[in-house]
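**Student:** What follows is a single structure, and I will ask about it in a moment.
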Amino acid sequence: MGIEERYANVAAEVAAVCREAGRDPREVTVVAVSKTVGAAEVGEAVAGGARDFGENRPDGLVGKAAAYPQANWHFIGNIQSRRIPDIVGSAALVHSLFEERHARKIDEAAAAAGKVQDVLLEVNVSGEQSKGGLAPGDVPALLDVCGGLPHVRVRGLMTMAPQGDPDAACATFEGLARLHADLRARLDPDRAALFDGLSMGMSEDWREAVRAGATIVRIGRAVFDDAFEA
C-alpha cells in the first residue's frame, strides 16, 4: 500500500471515528507528520488528499513548505530561539510554545514578517519529566502574556500522551480538554472564538484523542511508514 492510499485510509478512519463519537468529521484536521520523509513522499500524500503537514525541524519545515506552498505547514518540534524567524516564515501554526521568551521572539519575528502567528500552548498534562510543556497551572500566565503580544494569536492547546498506555492517554487527553474548556470560559468572546484548537493524538492514540475532543491529530507513521500496524 502506498502513501497516497494510506493517507486516504487514515482520513476515512478519522472521519468514521468522529461520526461514532457524535462529532462532525470537519471538526478534526489530520496533520500528516512528514518529518521522516522527503518532498517526494509529501507529494504522494498531497495526491491522497493531504492538505496539512507537520515538521519538527526548521530546515525540514522551510524546505518542504517551499516545495508545497499550497499546503498548510505546522511546526511541531522544540523551538530554538535562533530559528524562530525561519519557523515564523513558513508555519501556519506553531504547536509547541511554552516559554515566554519564545512568545516574545515570535511576536518580533511575526511583526517583521508582516503577519500574526497562530500558536498553540504546549501543556505537559501527564507530568512526565521527559516531555516539555507547561504545567497545567502555569498555562493562564502565558496565555495572559500572549494576549498582550499583537503578532501572536493563541489558538488553543497541545499535548502528548504517555506511550503504550491507552488509559493514560485517555486521562491525558481528557485533562487537556477540561483545561481548554476552563480557559476558554474565562476569555472575552472574541478571544474565546479563536481559542478553539486541541492538538492531541498521534498514530497510536489518535482515536482516544478524537473521542476526547481533539480538533487536530498528528499522524506520521500510519501515513508514511508501510511497516506501521495500528
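The values are calculated or read from the model by the stated rules, or taken from the named source; none is laboratory data. Given the structure is predicted, the values throughout are model-derived calculations rather than measurements. Cβ placement follows ideal geometry from the backbone for every residue including glycine, while neighbour counts extend to all protein chains displayed. Only protein heavy atoms, including side chains, enter the accessible area calculation; ligands, DNA and RNA are left aside. Shrake-Rupley method; radii C 1.70, N 1.55, O 1.52, S 1.80 Å.
**Student:** Only one of these is without any contact (Cβ under 8 Å) to a residue 24 or more places away in the chain and small (Gly, Ala, Ser): ALA50, ALA40. Name it.
**Tutor:** ALA40
**Student:** How do the pairs read when you match residues in segment 105-120 that are closer than 16 Å to VAL145 by Cα with residues anywhere that are open to solvent by 20 Å² or more (accessible area, probe 1.4 Å) and small (Gly, Ala, Ser), using Cβ under 6 Å and keeping only pairs 6 or more apart or on different chains?
**Tutor:** LYS105/SER81
**Student:** If you take the residues in segment 14-31 that are part of a loop (DSSP other than H, G, I, E, B) and of a type in the set (A, V, I, L, M), which one is least open to solvent (accessible area, probe 1.4 Å)?
**Tutor:** VAL28
**Student:** Hey, GLY38 hits all of (1) within 30 Å of ALA141 (Cβ to Cβ); (2) surrounded by fewer than 13 Cβ atoms within 10 Å (Cβ to Cβ) but one; which does it fall short on?
**Tutor:** (1)
**Student:** Ok, one more. Across segment 18-37, which residue is farthest from ARG221 (Cα to Cα) among those that are without any contact (Cβ under 8 Å) to a residue 40 or more places away in the chain and not acidic (Asp, Glu)?
**Tutor:** GLY22
**Student:** Where residues in segment 81-140 are touching a Phe, Trp or Tyr at 6+ places or on another chain (Cβ under 9 Å) and polar (S, T, N, Q), which of them is farthest from SER199 (Cα to Cα)?
**Tutor:** This residue is SER90.
**Student:** Within segment 32-56, how many residues are not in a helix (DSSP H, G or I) and not charged (D, E, K, R)?
**Tutor:** 12
**Student:** Here is a follow-up. Just checking, does segment 189-196 include any residue being open to solvent by less than 20 Å² (accessible area, probe 1.4 Å) and under 30 Å from ALA112 (Cβ atoms)?
**Tutor:** Looking for residues that are open to solvent by less than 20 Å² (accessible area, probe 1.4 Å) and under 30 Å from ALA112 (Cβ atoms), one finds at least one in segment 189-196, hence yes.
**Student:** With segment 62-155 as the region, which helices (runs of 4 or more DSSP H) entirely inside it contain at least 1 residues that are under 27 Å from ARG186 (Cβ atoms) and within 17 Å of the chain's Cα centre (by Cα)?
**Tutor:** Of the helices (runs of 4 or more DSSP H) lying wholly inside segment 62-155, those with at least 1 residues that are under 27 Å from ARG186 (Cβ atoms) and within 17 Å of the chain's Cα centre (by Cα) span 100-113, 139-147.
**Student:** Something else: Just to be sure, is ASP165 modelled with pLDDT under 95, among the acidic types (Asp, Glu) and surrounded by fewer than 17 Cβ atoms within 10 Å (Cβ to Cβ)?
**Tutor:** Criteria met by ASP165.
**Student:** In segment 197-219, which residue that is assigned to a loop (DSSP other than H, G, I, E, B) and within 12 Å of the chain's Cα centre (by Cα) is surrounded by the most Cβ atoms within 10 Å (Cβ to Cβ)?
**Tutor:** MET200
**Student:** Can you tell me which of ALA66, ALA15 is without any contact (Cβ under 8 Å) to a residue 60 or more places away in the chain and farther than 18 Å from SER203 by Cα?
**Tutor:** ALA66
**Student:** Another question about this same structure. Please work out if GLY2 is at positive phi and touching a residue at least 24 places away in the same chain (Cβ under 8 Å).
**Tutor:** Considered against the rule, which asks whether it is at positive phi and touching a residue at least 24 places away in the same chain (Cβ under 8 Å), GLY2 comes out as no.
**Student:** Within segment 64-83, how many residues are under 30 Å from ALA47 (Cβ atoms) and surrounded by fewer than 16 Cβ atoms within 10 Å (Cβ to Cβ)?
**Tutor:** The number of residues fulfilling the criteria is 4.
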